[in-house]
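All of the numbers you see were taken from the coordinates with simple rules; none came from a lab. All figures in this text were calculated on a predicted structure; none of them were measured in a lab. Neighbour counts are summed over all protein chains in view; Cβ atoms, including those assigned to glycine, are modelled from backbone coordinates with ideal geometry.
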Amino acid sequence: MELRHLVSFLAIADELHFGRAAARLHLAQSSLSQHLRRLERSVGVTLVARNSHEVRLTPAGDTFREFARDIVARADLAGQAARAAAAGRSGTVRVGYNFPAGQRILPATLAALSSRHPAIDVTMSEMRTGPQLAALADGRLDVAMVYGKPAAADFTSRLLLRVPLVAVVGQEHHWAGLDRVPFRELAGEPCVLFNRAQSSAMYDTIFSAARTSGIQLTVTAKVDDPGATAILAAIKPVVGLASALRGQLTDIRTTTVPLIDPVPILDLHAVWRTEHGPLVDAFLDCLPPGVEE
């Protein structure tokens, strides 16, 4: 059984007319008929019945058609996969991301990648900026989506999104229900932060806003899990800080309050090693255009 014979049979099955099927495949009608005869000999049954008035599939031909379609489709996919592998467009891209990237960047990127490069798989790891950059540096990640623009010479980056920070407080906190709060009002409020190594860009943005406001922050606890920040804010009179996107999904026991004067803004970048392969290029080509720096 040859693939070209299956293709000829499917053209006949679709057209139910030998002349149109032959024209569709750019074959002589005699060659098309020969393909069908050889296929029927190989299968051992008559697949197509024809007379001077009509061409139709036999019950065997009707059953055989779906299997033939599957075989031809798989053969086509096999060819695509082989060509993709030869061009370096087959394999796995390891991507790190934070919450805003997971909400706003990855869904459309993965959909585009699946459509354009179906032979490329993606493994994803959600983590803060510091661990992502460490994993990128030692080769455990191929692309990182992080806050801030790394200064390392062997990294290249693209600005994707600008995200404001908001305050996270419990439902009983005296800020709960306010439309906005000036950043300077954090003076004297017990704050929950994280270790700078977890996200230096976010940490520095917070303290830069504090300097601009002329205040000092009172940090009463440090937790590296954003979910733990919301838990503490729900049960204690403390203020946590989170991206506005994560703030939209805080627990029902907490609420978010926009910060103003100044509004602390985080820059979300895609980062990759300057020396990289075609798999990374394929992923980067599927990213949204992003923001001008």
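Just a few scattered comments:
- Taking the convex hull of the alpha carbon positions in the range 74-220 and averaging its projected area over all directions gives 12.2 nm².
- Estimated from the Cβ-Cβ distance and a Förster radius of 25 angstrom, the FRET efficiency linking D225 and A112 is about 0.20.
- Separation in nanometres of the label points that stand 7 Å from Cα toward Cβ, at A187 and T212: 1.7 nm
- Once both labels are positioned 7 Å from their Cα atoms along Cα-to-Cβ, the gap between T63 and A75 label points is 2.2 nm.
- Convex hull of alpha carbon positions in the range 1-149: directionally averaged projected area 13.1 nm².
- As a length-normalised measure over Cα pairs under 8 Å and 6 or more apart, the relative contact order of the chain settles at 22 percent.
- Principal-axis tilt of helix 59-86 within the chain, Cα atoms, nearest 10 degrees: 50 degrees
- Globularity ratio of the range 162-266, using Cα Rg and 2.2 N^0.38 Å: 0.94
- Angle in degrees between helix 3-15 and the longest Cα principal axis of the chain, rounded to the nearest 10: 90 degrees
- If R0 equals 35 Å, the separation of the Cβ atoms of L3 and A151 corresponds to a calculated FRET efficiency of about 0.05.
- Cα gyration tensor of the chain - equivalent ellipsoid semi-axes, whole Å, descending: 62, 21, 15
- Relative to the longest principal axis of the Cα atoms of the chain, the long axis of helix 29-43 lies at roughly 80 degrees.
- Between the listed residues T220, G170, P190, the Cα displaced farthest toward the positive end of the dipole of the chain, a dipole computed from Cβ unit charges relative to the Cα centre, is found at G170.
- The charge dipole of the chain, taken about its Cα centre with unit charges on the Cβ of Lys, Arg, Asp and Glu (plus for the first two, minus for the last two), comes to roughly 760 debye.
- Within the range 53-86: backbone nitrogen closer than 15 Å to the R24 label point (7 Å, Cα to C-beta): 55-57, 62, 65-66, 68-70, 72-73
- Relative packing of 41-48, 157-164, which averages over residues the other C-beta atoms within 10 Å, highest first: 157-164, 41-48
- Helix-only [θ]222 nm of the chain, DSSP H runs n ≥ 4, -39500 (n - 2.57) each, per residue, nearest 500: -13000 deg cm²/dmol
- FRET E, pair S125, D204, Förster distance 25 Å, beta-carbon r, rounded to 0.05: 0.60
- Stretch gain in nm, segment R253-E54, where the contour uses 0.36 nm per residue and the Cα spacing is subtracted: 64.4 nm
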